[in-house]
Amino acid sequence: MHQVLLIEDEPEIRRVLRVLLESENYRCIEADTALRAEIETRSHKPDVLLIDLGLPDGDGLTVIRRVRAWSTVPIVVLSARTMEEQKVAALDAGADDYVTKPFSAPELLARLRAALRRHVSGAAPTSLLQFGPIRVDLARRESRGSGGEIHLTPLEYRVLGCLARQAGAIVMQRQLLREVWGPERMDDSRSLRVCIKNLRGKLEPDPRRPRYLVTETGLGYRLRPDEEARADAAG
Ligand code: CA
């Protein structure tokens with residue numbers, strides 16, 4: 001049973017989240033201030049933090065930074081703020097993922113599961129990816145669909161590999177550029193867009209409506225394993 005620390009100052013939202021999480025067999029601890037959040041994180045060592053950014057005694061961002069200084073616990077931000085700079089700031093501060101209120105229950109649960117999975121699997125990411133009927137083996141650099149082999153370029157495998165290491169989470173555009181193209185090509189967002197477009201053409205059932213390689217506007221991309229695509233469809 002996983003333990004979630006729920007950091008949220010609005011009692012009604014805490015109540016709704018507690019009911020939802022307990023129905024999915026999570027154990028909940030609650031904190032309604034930034035100060036309590038830090039105390040509870042240290043004393044209970046929860047498996048995952050679900051945190052609201054606007055807290056009465058401080059910014060959730062500060063909590064994220066402070067916790068990140070000593071812990072690798074997965075942190076999922078839950079906030080009404082839709083502004084892109086807030087998302088970037090939360091991810092930069094060390095959050096693993098971001099869910100915007102109003103959220104759908106299946107989506108929130110899928111993000112929590114993904115954050116926990118990434119944490120458990122640690123540095124050993126899966127090398128087998130399933131895109132409907134298409135299977136990609138990142139380690140062997142082989143891709144196969146119902147019609148036989150699919151050719152991906154070395155660059156495309158590297159972009160997929162980078163996304164797969166954080167499957168389910170947002171990977172920032174600048175992180176992809178740095179890791180795949182190198183620090184001197186950080187401005188080359190066009191090459192990244194072209195590469196993603198080509199990957200979608202090869203792997204997505206409907207490249208115009210991507211369900212596996214999802215754009216997070218202003219941030220980057222998210223690779224969604226099948227399990228999460230199903231959860232979203234159900235919601
Ligand atoms: Ca709040």
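Bear in mind these aren't lab numbers, they're just calculated from the coordinates by the rules spelled out. On a predicted model such as this, the values are computed, not experimentally measured, just so you know. Glycine gets a Cβ as well: all are built from the backbone with ideal geometry, and neighbour counts include every protein chain shown.
Which FRET efficiency, nearest 0.05, do Arg15 and Lys197 yield, Cβ-Cβ r, R0 35 Å? That pair, Arg15 with Lys197, gives E of 0.20. Summing charges over all other residues whose Cβ lies under 13 Å from the Cβ of Asp187, with Lys and Arg as +1 and Asp and Glu as -1, gives +3.
Estimated from helical segments only, the mean residue ellipticity of the chain at 222 nm is -13000 deg cm²/dmol, where each DSSP H run of four or more residues counts as -39500 (n - 2.57). Counting beta carbons within 10 Å around each of Phe103, Phe131 and listing the fewest first gives the order Phe103, Phe131. Axis of helix 34-44 versus longest Cα principal axis of the chain: the two differ by about 80°, to the nearest ten degrees.
A straight chain from His151 to Arg178 at 0.36 nm per residue would run longer than the Cα-Cα distance by 7.3 nm. Remark on the chain: Rg and Dmax equal 18.4, 58 Å (Cα only). Between Ala139 and Thr217, full extension at 0.36 nm per residue minus the direct alpha carbon distance yields a gain of 25.1 nm.
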